[in-house]
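Take a look at the structure set out below.
What follows draws every value from the coordinates through simple rules; no lab data is involved. Keep in mind that this is a model prediction, so the values were computed, not measured. Note that each Cβ is placed from the backbone with ideal geometry, even for glycine, and that neighbours are counted across all protein chains shown.
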Amino acid sequence: MKQSVTPTQLHEDKFSNILWDESTRIIGIAWKEATSSMTDEEFKAELTLFAGHVEQTKARGILVDVSGFRHSPGPDVQPWRVKNISNRYNAAGVQRFAFLLPNGSQIPPFMNESSPGEKFATRAFNALNEAKKWLSEAGQQSAAD
């Protein structure tokens, strides 16, 4: 597998950094520690902004680095995300979605499951190289794997 070039930064603000890797067609969002002061509305705004970048790039893979994520979303956020964000990922052609957790952390089983209505595979990792390898396989195999 060829080494990718340095990803292009598409956006940065106090809560997140969005990076795009054209060669692997992977878009990533790295959440920052400042998310500890984030509201649910700010979280939704960040996800909406990120979904726009996913649509523009037609990314095959999404890498969400939650190792610095400190926000605790309210109970209405996950249903809102599936309804308003996941459908945009589906329409953009996303095939795989990976969470990157802190190195050595326990991976909860629910983080390896796609939500109802999501047409992309979801997995969680605690090693960046493993997450990138799995994401870069998108488009090389059937969606059923």
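In plain terms, the bigger the Kirkwood radius, the slower the diffusion; for the chain, with that radius from Cα pairs, at 10 °C and 1.306 mPa s, Stokes-Einstein puts D at 103 µm²/s. Taking a straight Cα-Cα cut-off under 12 Å and skipping sequence neighbours fewer than 8 places away in the same chain, the aspartates and glutamates within cross-link reach of K83 are E118.
Each label was represented as a point 7 Å from its Cα along the Cα-to-Cβ direction; for A34 and M111 these points are 2.4 nm apart. Cross-link partners for K58 among the aspartates and glutamates, with Cα-Cα distance under 15 Å and sequence neighbours closer than 8 places in the same chain left out: D21, E22.
For the stretch 1-89, run through the trypsin sites (Lys or Arg not before Pro) and keep only the ones in DSSP coil with at most 15 other Cβ atoms within 10 Å of their Cβ.
On the way: sites: K2, K14, R25, K32, K44, K58, R60, R70, R81, K83, R88; in loops: K2, K14, R25, K32, K58, R60, R70.
Passing sites in the stretch 1-89 are K2, K14, K58, R70.
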